[in-house]
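Q: Below is the structure I would like to discuss, written out as structure tokens.
The values are calculated or read from the model by the stated rules, or taken from the named source; none is laboratory data. The model shown is predicted, which means the values in this text are computed figures rather than measured ones. As a convention, Cβ positions derive from the backbone with ideal geometry for all residues, glycine included, and neighbour counts pool all protein chains shown.
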Amino acid sequence: MSDESVISLRGVRAELGSRPVLRGIDLTVRRGQVVALLGANGSGKSTAVRTVIGQVPVSAGEIELFGTPRRRFRDWARVGYVPQRTTAAGGVPATVTEVVASGRLSRARFGVLRKADHEAVRRALDLVGMADRARDSVNALSGGQHQRVLIARALAAEPELLIMDEPMAGVDLASQEVLAATLRGQVAAGATVLLVLHELGPLEPLIDRAVVLREGCVLHDGPPPEAVGQHALPGHDHVHPHAPAGAEPIRTGLLS
Amino acid sequence: MEILNYAFMQRALLAAVLVGITAPAIGIYLVQRRQALMGDGIGHVAMTGVGLGFLLSWSPVWMATVVSVLGAVLMELIRWYGRTRGDIALAMLFYGGMAGGVMFINLSPGGSNANLTSYLFGSLSTVSESDVTAICLLAAFVVLVTVGLRRQLFAVSQDEEFARVTGLPVRALNLLTAVTAAVTVTVAMRVVGLLLVSALMVVPVAAAQQLTRSFAATFAISVALGVSVTIGGTVTSYYQDVPPGATIVLLTIGAFILLSVLAAPLARRRARALAAAQSTADPAECKIPATRGVADEVGV
């Protein structure tokens with residue numbers, strides 16, 4: 001692990017409509033780190049990731065990728081992105097290979113895929129255990145298999161940095177294990193990873209650092225919170241409905 | 001083949017084949033982006049171009065090309081910036097385009113809505129020498145874009161957000177798609193007419209999908225289907241004296257129904273094969289162990 005910063009956000013603010021979603025986020029991910037971005041729904045964790053890839057405009061602050069300001073960053077082959085899974089596939093059938101091959105375009109000049117590119121696509125499919133489904137339509141896949149295809153698409157360009165938005169959401173147990181193993185392999189090979197997660201789950205042992213967001217602010221940045229007691233039992237579902245300390249009690253309107 | 005002895009039929013068949021190739025070729029990307037009705041919208045806007053062509057005594061085909069390209073670019077801009085009421089803006093563009101066409105035709109010397117009819121519903125037998133030249137040039141552009149940039153257009157149409165992270169110029173490609181669709185509309189205008197253009201962009205793709213699992217095969221089959229129905233419709237209209245545009249569209253819908261019926265057993269067989277492949281890995285029934293194991297102990 002070196003000190004070179006791969007992702008750097010300084011004082012980043014962003015609005016969706018007129019609602020502020022990020023209120024000055026500082027976040028640095030260094031080479032070789034695996035950082036989990038945690039927080040409740042609406043805390044801004046997905047938006048933070050989407051500012052990094054330029055999908056959400058930033059109203060203030062600076063973002064750097066590999067030490068280059070994001071606006072001037074062109075070396076997208078170094079970044080692999082796995083969007084939050086949408087159930088809607090395209091309106092036209094496409095095979096697993098066709099979808100994964102589109103991830104290789106960042107390395108292909110003028111969109112022409114050479115032999116080496118096709119081999120990289122094949123390797124990416126092997127990594128997620130989907131090589132036997134290469135010629136099937138993506139519409140025929142289960143949620144977990146679909147997620148594996150999206151990860152293979154990100155890996156097809158052989159990126160140094162992986163950005164994943166809720167990769168484990170709605171994924172069956174078998175696919176979760178495949179995904180965790182794939183990620184372990186990437187980390188062992190030196191990849192840097194920024195993950196948006198709802199809970200640490202099966203990826204917990206991989207994670208170096210957890211950054212917790214609340215209402216668009218960084219609440220915690222450090223080692224992942226250790227699960228203790230009953231929470232540490234395997235298979236325990238982390239649900240934390242209680243309000244944070246110091247917050248106003250939730251008024252339901254029933255008693256007040 | 002006496003039909004080929006007439007110069008007007010040669011021109012008509014050439015125009016029909018070019019439409020059969022180009023309409024599904026760009027249509028497949030519109031269907032993939034779930035903008036199947038975009039062609040219809042551009043068709044409405046193109047009417048203003050036809051009307052302007054008559055008013056200024058310029059070629060209606062080229063005027064329609066210019067106006068529909070501008071309209072398509074405007075629609076794409078509305079899609080970027082008009083987050084809230086984009087649909088209302090599009091509706092105004094469509095109906096404004098149609099009303100503009102009717103208005104300009106009536107203002108032009110000696111013009112009446114009768115002139116417009118041949119553009120609304122197509123008029124293959126009146127395709128002129130210069131129309132054919134325009135159609136050939138425009139069709140060449142459409143083929144160049146839809147085949148040459150197929151991987152980029154596929155990526156952008158499949159997942160815009162991901163395409164941006166692969167460094168593709170997403171906005172430029174979206175604009176190019178819109179412009180190409182507009183050009184295709186004017187290519188097809190003389191053959192099937194502005195009001196029926198969208199059918200040739202969408203229905204062959206929908207019909208091909210009944211059989212295919214890959215994008216490449218869907219592309220090939222929908223273009224083959226497009227060429228078959230445009231030739232079939234043109235020849236039928238010659239012998240039976242029926243309007244070619246309507247004949248072509250009805251033939252396309254017929255092909256869709258036929259392929260859907262034929263594809264049903266194919267889909268069942270594929271589903272069975274898939275189920276068989278998965279059942280070996282993942283038994284469908286629960287196995288109940290004879291004795292209780294440690295994992296069955298429930299702590300309270």
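Q: Is it fair to say B:SER228 is among the small types (Gly, Ala, Ser), more than 23 Å from A:ALA94 (Cα to Cα) and at pLDDT 95 or above?
A: yes
Q: Consider A:THR97 carefully, then state whether it is over 22 Å from A:LEU161 (Cβ atoms) and assigned to a helix (DSSP H, G or I).
A: It is true that A:THR97 is over 22 Å from A:LEU161 (Cβ atoms) and assigned to a helix (DSSP H, G or I).
Q: Check A:ASP117, A:ASP75, A:ASP126 and return the single one that is more than 24 Å from B:VAL205 (Cβ to Cβ) and at the interface with chain B (Cβ under 9 Å from one of its Cβ atoms).
A: A:ASP75
Q: Could you list, in sequence order, all residues of region B:242-286 that are part of a loop (DSSP other than H, G, I, E, B), over 28 Å from B:LEU195 (Cα atoms) and at pLDDT 50 or above?
A: Across region B:242-286, the qualifying residues are B:ASP282, B:CYS286.
Q: Assuming A:ALA174 fulfils every condition listed in (1) of a type in the set (A, V, I, L, M); (2) assigned to a helix (DSSP H, G or I); (3) within 14 Å of another protein chain (Cβ to nearest Cβ); (4) surrounded by 17 or more Cβ atoms within 10 Å (Cβ to Cβ) apart from one, which condition is it?
A: Going through the list (1) of a type in the set (A, V, I, L, M); (2) assigned to a helix (DSSP H, G or I); (3) within 14 Å of another protein chain (Cβ to nearest Cβ); (4) surrounded by 17 or more Cβ atoms within 10 Å (Cβ to Cβ), A:ALA174 breaks only (4).
Q: Next up: What is the number of the single condition among (1) under 21 Å from B:ALA271 (Cα atoms); (2) assigned to a helix (DSSP H, G or I); (3) facing chain B (nearest Cβ under 9 Å) that A:ARG135 does not meet?
A: The failed condition is (2).
Q: Could you tell me whether any residue of region B:234-253 is within 14 Å of chain A (Cβ to nearest Cβ), crowded, with 17+ Cβ neighbours inside 10 Å, touching a residue at least 12 places away in the same chain (Cβ under 8 Å) and under 14 Å from the mean Cα position of the chain (by Cα)?
A: No; the residues of region B:234-253 include none that is within 14 Å of chain A (Cβ to nearest Cβ), crowded, with 17+ Cβ neighbours inside 10 Å, touching a residue at least 12 places away in the same chain (Cβ under 8 Å) and under 14 Å from the mean Cα position of the chain (by Cα).
Table: residues versus (1) among the charged types (D, E, K, R); (2) farther than 23 Å from A:GLU158 by Cβ; (3) in contact with a Gly (Cβ under 9 Å, 6 or more places away or on another chain); (4) within 14 Å of chain A (Cβ to nearest Cβ).
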position: B:THR117; (1), (2), (3), (4): no, yes, yes, no
position: B:SER157; (1), (2), (3), (4): no, yes, yes, yes
position: B:GLU161; (1), (2), (3), (4): yes, no, no, yes
position: B:LEU168; (1), (2), (3), (4): no, no, yes, yes
position: B:LEU175; (1), (2), (3), (4): no, yes, no, no
position: B:THR186; (1), (2), (3), (4): no, yes, yes, no
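Q: Suppose we keep only residues that are at the interface with another protein chain (Cβ under 10 Å from one of its Cβ atoms) and crowded, with 22+ Cβ neighbours inside 10 Å within region A:138-164. Which one would you say is farthest from B:GLY167 (Cα to Cα)?
A: Here the residue is A:VAL138.
Q: In addition: Considering only region A:92-112, state which residues are at the interface with another protein chain (Cβ under 7 Å from one of its Cβ atoms), more than 25 Å from the chain's Cα centre (by Cα) and modelled with pLDDT under 90.
A: Hit for region A:92-112 is A:GLY111, nothing else.
Q: Going residue by residue through region A:44-51, is there one that turns out to be among the basic types (Lys, Arg), within 16 Å of A:VAL196 (Cα to Cα) and not in a strand (DSSP E or B)?
A: Among the residues of region A:44-51, at least one is among the basic types (Lys, Arg), within 16 Å of A:VAL196 (Cα to Cα) and not in a strand (DSSP E or B), which makes the answer yes.
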